[in-house]
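Here the structure comes first, spelled out in structure tokens, and everything after it is commentary.
The values are calculated or read from the model by the stated rules, or taken from the named source; none is laboratory data. As the structure is a prediction and not an experimental result, all values here were calculated from the model. Cβ coordinates were reconstructed from backbone atoms using ideal geometry, including for glycine residues, and neighbour counts include every protein chain displayed. Protein only, heavy atoms only, side chains kept; ligands, DNA and RNA dropped before computing areas. Shrake-Rupley method; radii C 1.70, N 1.55, O 1.52, S 1.80 Å.
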Amino acid sequence: MGMGKPSGVWWTPWLAVVLVHWLLCATERRRGPVVEASHEVFASLQSVPASVVDNRLRTGYHFQPPRNWINDPNGPMYYNGVYHLFYQYNPNGSVWGHIVWAHSVSTDLVNWIALEPAIRPSKPFDINGCWSGSATVLPGNRPVIFYTGIDPQQRQLQNVAYPKDLSDRYLREWVKPDYNPAIAPGDGINASAFRDPTTAWRGPGSHWKLVVGSKWNRRGKAILYRSRDFVHWVKAKHPLHTVKDTGMWECPDFYPVAVKGRRGLDTSAYGDGVKHVLKVSLDLRRYEYYTLGKYYHYQDKYVPDNTSADDHTGLRYDYGNFYASKTFFDPKKQRRILWGWANESDAKHVDIAKGWAGIQAVPRTIWLDSSGRQLVQWPIEELESLRGKHVVVEHKKVSGGDTFEVEGINSSQADVEVAFEVSGLEKAEAFDPSWATDAEALCGQKRAHVKGGVGPFGLLVLASANMEEKTAVFFRIFKAEHKHVILMCHDPTRSSMRPNLYRPTFAGYVDVDIAKTGKISLRSLIDHSVVESFGAEGKTCITSRVYPSLAIGKDAHLFVFNNGLADVKVSELKAWEIRRPLMNGA
Ligand code: DQQ
């Protein structure tokens, strides 16, 4: 097996640096120049003091293999009782390069079994890398993978692979037909910006369709292809969608959602009561945005609604460290599940010394909000099976300037749900309309320690006993001309005593009429070096990677704080310990 548990010697950081360095250089010599995507490739590796490498910061219940670099989730699919997660993986080290499709399987999305990589470079059409793509289950229950292969001229080609043996429960081996590439970049396509095919769908007509991410100059594009037999693919005259000045569209995802209710839909679903989602990952900005809209099957035209911007200022699944995401339909539970990649935000030379980099955020169920204006996400229910000992706090007033500790659980791995009651809205700070398109800048300006009117209030997670280290997860409520505006923010600027860490603040607005509800909820999943937060039952989500130096293991604390003028009340807080030393088998 390519990814067994590291033996004791690997944990000696100094030795790890030398060995990883040697391995990478040896591989470089064997294979010649590497293919560069949007990830940095490191020609020479620096050494790093052993003191900054702390394997206690590895996540436990997030998907993370024992070692090496991972990025995009690929293909996810459910097939004959088994969930498959493929992902971009470097078998040779903890920086991006030599990319294969690693493969893990699970029956519950919580416990994983690692298999050999499903697809590795082996043919002229993928010899320089097997990049992102998707899975489709064809009629007759036949799965197929569409992925991007990099050829000897560094061109990006779309290839297919089929399971070798459908009776193998885990579909371990995949075969690449000789007729690949199934789709080559034709005239008018930039061959180095042509990748990440989507799951295919079939509407009322007989054609299969899929899109491939691309750009032309600075115009982002979802190029549409059609096929009758899944073998011969023809480019449609018009792309499914394109937006000027957005740059390369990586990992597009296009799928239907039900207008009412939380039920997920098969990617080919159509008809009344269905809306569509188009998500793109912006290589230029390294974050994603999506639109909701109407898909006209016969014309193959996607028209976004005018309820949100169709550019980088638009809606995001997650306003933090979350990229290259992909959804799939889970027929077992009739839901659509979202996976996304959360990269490290530590220095690269530390990633090299650690020997690991990148995790997948927890799988989230995704559906259309009853307003029809945005999607909502919630961690899959299976995660609740990991909840252990818990504590409850009820009806506790938190006056302006107050902080209290939630005691009684080890909060370095925890699941925290809290409902705040808000009053004193007349004390809310005035909202400057110029802030409307840049929540992140507002959060950077009004961080957790900056006193407000209503808020900032929320949680301090992964905090040291004296709060020298803490990551603040909070709301701040403003008064605009006709309504209140709620900002949700992650402020990790004081998350670690270590210098030279990348500690960006992240933020999004929350579409809740607080004057009406008087309440707002927050859920945070904490796992050593990641904090994933879900505001207002999943309307606004933020993920951050943080690297405490004191708030580790049993020295991690959890607090509730209010730094506004108005009092808030914790109507209920529940915090569960999650005991998961290391994810098995990922
Ligand atoms: N990562 C893959 C590409 C994709 C990018 C390469 C997004 O296929 O565009 O590892 O992170």
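Considering segment 377-386, and only residues there that are part of a strand (DSSP E or B) and open to solvent by less than 50 Å² (accessible area, probe 1.4 Å), the residue that is farthest from I578 (Cα to Cα) turns out to be Q377.
Scoring G401 on the criteria (1) in a strand (DSSP E or B); (2) out of contact with any helix residue (DSSP H, G or I) (no Cβ under 9 Å at 6 or more places or on another chain) leaves a single failure, condition (1). Here G203 clears all of (1) at pLDDT 95 or above; (2) closer than 20 Å to D266 by Cβ except the condition numbered (1).
Show me the strands (runs of 3 or more DSSP E) entirely contained within segment 275-363 in which 1 or more residues are in contact with an Asp or Glu (Cβ under 8 Å, 6 or more places away or on another chain) and open to solvent by 20 Å² or more (accessible area, probe 1.4 Å). I'd like the intermediate steps shown before the answer.
Values: elements: 287-296, 301-304, 323-330, 335-342.
Result: 287-296, 301-304, 323-330.
Within segment 84-97, residues that are within 10 Å of the ligand (Cβ to nearest atom) have Cβ atoms under 7 Å from residues that are assigned to a strand (DSSP E or B) and among the acidic types (D, E) in these pairs: Y87/D72; Q88/D72, counting only partners at least 6 apart in sequence or on another chain.
Number of residues in segment 179-188 that are within 15 Å of the ligand (Cβ to nearest atom) and assigned to a loop (DSSP other than H, G, I, E, B): the value is 2.
Screening W10 against (1) of a type in the set (F, W, Y); (2) in a loop (DSSP other than H, G, I, E, B); (3) away from the ligand (no atom under 16 Å from the Cβ); (4) modelled with pLDDT under 50 leaves a single unmet condition, (2). For segment 467-486, a residue qualifies if it is in contact with a strand residue (DSSP E or B) (Cβ under 9 Å, 6 or more places away or on another chain), open to solvent by 10 Å² or more (accessible area, probe 1.4 Å) and more than 18 Å from A575 (Cα to Cα), and the qualifying residues are M467, K479, A480, H484, V485.
The set of residues in segment 334-369 that are more than 16 Å from the ligand (Cβ to nearest atom), under 19 Å from C251 (Cβ atoms) and not hydrophobic (A, V, I, L, M, F, W, C) comprises R336, P363, R364. Among the residues of segment 521-544, the one identified as open to solvent by 10 Å² or more (accessible area, probe 1.4 Å) and within 16 Å of K470 (Cα to Cα) is H528. Summed over segment 261-274, the residues that are open to solvent by less than 10 Å² (accessible area, probe 1.4 Å) and part of a loop (DSSP other than H, G, I, E, B) give a count of 0.
Looking at segment 197-260, the strands (runs of 3 or more DSSP E) lying wholly inside it that each contain 1 or more residues that are within 16 Å of the ligand (Cβ to nearest atom) and within 25 Å of P76 (Cβ to Cβ) sit at 208-216, 219-227, 249-258. If you take the residues of segment 123-143 that are among the hydrophobic types (A, V, I, L, M, F, W, C), within 26 Å of the chain's Cα centre (by Cα) and open to solvent by less than 50 Å² (accessible area, probe 1.4 Å), which of them is farthest from the ligand (Cβ to nearest atom)? By that ranking, first place goes to A135. Taking the criterion of being within 16 Å of the ligand (Cβ to nearest atom) and of a type in the set (S, T, Y), the residues of segment 312-333 that qualify are Y317, Y323, S325, T327. Looking at (1) under 18 Å from W341 (Cβ atoms); (2) out of contact with any strand residue (DSSP E or B) (no Cβ under 6 Å at 6 or more places or on another chain); (3) not hydrophobic (A, V, I, L, M, F, W, C), which is the only condition N111 fails? If we test N111 against (1) under 18 Å from W341 (Cβ atoms); (2) out of contact with any strand residue (DSSP E or B) (no Cβ under 6 Å at 6 or more places or on another chain); (3) not hydrophobic (A, V, I, L, M, F, W, C), just (1) comes out false. Restricting segment 438-466 to residues that are polar (S, T, N, Q) and over 26 Å from the mean Cα position of the chain (by Cα) leaves a set whose member that is most open to solvent (accessible area, probe 1.4 Å) is N466. Can you find a residue that is under 28 Å from the mean Cα position of the chain (by Cα), surrounded by fewer than 21 Cβ atoms within 10 Å (Cβ to Cβ), free of Cβ contacts under 8 Å to residues at least 60 places away in the same chain and within 16 Å of the ligand (Cβ to nearest atom) anywhere in segment 153-165? Within segment 153-165, one or more residues are under 28 Å from the mean Cα position of the chain (by Cα), surrounded by fewer than 21 Cβ atoms within 10 Å (Cβ to Cβ), free of Cβ contacts under 8 Å to residues at least 60 places away in the same chain and within 16 Å of the ligand (Cβ to nearest atom).
Is it fair to say S192 is free of Cβ contacts under 8 Å to residues at least 40 places away in the same chain, surrounded by fewer than 19 Cβ atoms within 10 Å (Cβ to Cβ) and within 16 Å of the ligand (Cβ to nearest atom)?
Working: free of Cβ contacts under 8 Å to residues at least 40 places away in the same chain: yes; surrounded by fewer than 19 Cβ atoms within 10 Å (Cβ to Cβ): yes; within 16 Å of the ligand (Cβ to nearest atom): yes.
Yes: the conditions hold for S192.
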